[in-house]
Amino acid sequence: MDKKNNDHLIRCSPFMITSLWRRAWPFLALLTGLLVVRAAGDHRSNFHYTGDYVSELSLLVSAENFQRFGFVTTRFAPIPMDVPKNVPVDIHSPALYYTHYGPLPYWLFSLPINYLSLGEFGARILAVLLSMAGLWCALASVYEWTESFVSSSTVPVLLPLAILALNPVMLCYADNINEQGLTEAIKWLGFLWAVRSLRRPLERPVSVIPGIVASFLLLYTSFEWLVPMGAVMVFVLWTTRGSPRRSPRIWAQAVFFGCILPVGLRWAQVVWVFGGWSPALQDWKDILKIRETGSLTLPYSACRHIVKLFFGLWWFAGPVVLASVAASGRRLADVMTAASHRSIPARRLVCLLGLWGVGSISWQFLMRQHAMIHGFTYIHPANFLIWTAAAGLVVLWSAGRTTLAAALAAAQIFIGGMLSKSEIIIPFLHARVVAEASRLCPSDAAAVLAEAGRMHSGMASEISSALSAASPSVPCGDDGRRAAIWLRFWMYAVKSSSLNDPVST
């Protein structure tokens, strides 16, 4: 191997990670609390760009069927439809099953529902924790990557965190109990592993196990990241371990456990569900054709795809992210070019970012119709832009453009605050107002209603409407008194909010 590989700008030590955690944990804790509030809210209106409740409902139904029939009886495959209890049904009929996406999310988020008795809220809390782990990997990868081009140790951690965390990808999908948030978390784990692998000297290579685990989990969750993760795995192994002839054992382990095994297991499960190779193969052929060219009822339209992708990126990435990429693009290109001329590892990190960027858009070409109809597929290219914007702010700050970097981060914080209000706080308050109003006895309800009538605010009107619709007839008690306290608190603390029914809109 080329001895020039020793010219790594090695600063990716445990000390840097420890310092980063000490600076980041208060913001991460605050964001976790905000996402827990979202997890406790009403998700029925979350669809397309603000969530994927239709798919989540399928998962919840599948979890119920796992509990009802057992994992073995269902062949560990999800049944995303209600199975009548009083009508004879062939539980082994392939028509009941969903075999086109990996079953890992269905297994994972069914555990707190079925075995911990935590229900949907417990599943969403698990999703939040996984998303926060993914956010941490994304943040760490920003600092790991940029440390090879600029000195980023003095950059305020809030700059990249604001860009990474306060956007619809995180605020609208972090508690999603389907494959989206889980896929993003695994992706960022794989990317962090790739960055660390390319920065370490060849004499002390990073273990390939995290990369294999990320590849396995991604393929057992979705095929959407198959091409980019495969390209990254090959690139990292070839540059850090040499060719397959040089390191046959490492390559064999990576290919088998990271690709062949998960695909083989998924294929075997489909064969098990369909009861044979031929119908299973036909099922996969049919779905591949539909996801590529569409169907008679919903054919592929390039014009519609381009328009939706444009608006999807504008929504998920947002104007601040796009402005940050534009503002830092020249500086980012300059430092990458300069470092690439001096350092082979830096050149490889540039190639890695290129592979990640091209890979993020690959699904839009490979499965055009599927990408066209599902808004969550735009998360992949949006997250590449978000990560690039976060790295760009680090580079801008390190280059002395502190005012510009701080202004962009402040703008993202403002937009994130508005998004949190509209997508998290208001839906949560609406759901809680309705729930708390139903717990009041007539005397407590009359007292709160009288107070609400003397106030002129959106929250007071919402409470009045909820109390009028509840027609409380429950006996007075401590539970109702606590509900009255909460309603009074919201009435006085949230005077200016105007709540709309998130379900009906």
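The values are calculated or read from the model by the stated rules, or taken from the named source; none is laboratory data. All of these numbers come straight from a predicted model, not from anything done at the bench. Here the Cβ is made from the backbone with ideal geometry for all residues, glycine too, and neighbour counts use every protein chain on show. Note: accessible area is taken over every heavy atom of the protein model, side chains too, but ligands, DNA and RNA are not part of it. Shrake-Rupley method; radii C 1.70, N 1.55, O 1.52, S 1.80 Å.
Can you pull out every residue in the range 207-230 that is open to solvent by 10 Å² or more (accessible area, probe 1.4 Å) and of a type in the set (Phe, Trp, Tyr)?
Matches in the range 207-230: Phe216, Tyr220, Phe223.
Can you tell me which residues in the range 45-54 are touching a helix residue (DSSP H, G or I) at 6+ places or on another chain (Cβ under 8 Å), on the phi < 0 side of the Ramachandran plot and open to solvent by 30 Å² or more (accessible area, probe 1.4 Å)?
Correct list: Ser45, Phe47, Tyr49.
Looking only at the range 196-206, decide whether some residue is under 30 Å from Gly400 (Cβ atoms), open to solvent by less than 20 Å² (accessible area, probe 1.4 Å) and hydrophobic (A, V, I, L, M, F, W, C).
Within the range 196-206, one or more residues are under 30 Å from Gly400 (Cβ atoms), open to solvent by less than 20 Å² (accessible area, probe 1.4 Å) and hydrophobic (A, V, I, L, M, F, W, C).
Out of curiosity, is Ala77 in contact with a helix residue (DSSP H, G or I) (Cβ under 6 Å, 6 or more places away or on another chain) and either closer than 13 Å to Val273 by Cβ or surrounded by fewer than 21 Cβ atoms within 10 Å (Cβ to Cβ) (or both)?
yes
How many residues are open to solvent by 30 Å² or more (accessible area, probe 1.4 Å), small (Gly, Ala, Ser) and within 28 Å of Thr99 (Cβ to Cβ) if we restrict to the range 246-269?
2
Can you tell me which residues in the range 24-42 are of a type outside the set (A, V, I, L, M) and at pLDDT 90 or above?
Trp25, Pro26, Phe27, Thr32, Gly33, Arg38
Considering each residue of the range 29-40, count those that are over 17 Å from Asn178 (Cα atoms) and either in contact with a Cys (Cβ under 9 Å, 6 or more places away or on another chain) or not in a helix (DSSP H, G or I) (or both), and give that number.
Residues in the range 29-40 being over 17 Å from Asn178 (Cα atoms) and either in contact with a Cys (Cβ under 9 Å, 6 or more places away or on another chain) or not in a helix (DSSP H, G or I) (or both): 0 in total.
Would you check if there is a residue in the range 59-70 being without any contact (Cβ under 8 Å) to a residue 12 or more places away in the chain and outside any helix (DSSP H, G or I)?
yes
Inside the range 288-347, can you point out the residues that are more than 26 Å from Leu404 (Cβ to Cβ), assigned to a helix (DSSP H, G or I) and open to solvent by less than 40 Å² (accessible area, probe 1.4 Å)?
The answer is Arg291, His305, Lys308, Leu309, Gly312, Ile344, Pro345.
With the requirement that a residue be part of a helix (DSSP H, G or I), within 18 Å of the chain's Cα centre (by Cα) and among the aliphatic types (A, V, I, L, M), what does the range 348-379 give you?
Ala371, Ile379
Given the options Ser55, Ser45, name the one that is assigned to a loop (DSSP other than H, G, I, E, B), among the hydroxyl-bearing types (Ser, Thr, Tyr) and within 15 Å of Asp175 (Cβ to Cβ).
Within the list Ser55, Ser45, the selection yields Ser45.
Pairs, please: C-beta under 7 Å, at least 6 apart or cross-chain, first residue of a type in the set (Lys, Arg) and in the range 34-55, second in a loop (DSSP other than H, G, I, E, B) and buried (at least 23 other Cβ atoms within 10 Å of the Cβ)?
As it stands, the answer is Arg38/Asp175, since those pairs meet every condition given.
So that you can scan it fast, the table gives a plain yes or no per residue for (1) at pLDDT 80 or above; (2) surrounded by 15 or more Cβ atoms within 10 Å (Cβ to Cβ); (3) more than 30 Å from Tyr53 (Cα to Cα):
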residue	(1), (2), (3)
Cys441	yes, yes, yes
Leu449	yes, yes, yes
Gly453	yes, no, yes
Ser468	yes, no, no
Ala484	yes, yes, yes
Val494	no, yes, no
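Against the condition under 28 Å from Tyr106 (Cβ atoms), in a helix (DSSP H, G or I) and open to solvent by 10 Å² or more (accessible area, probe 1.4 Å), how does Ala138 come out, does it pass?
Answer is no for this residue.
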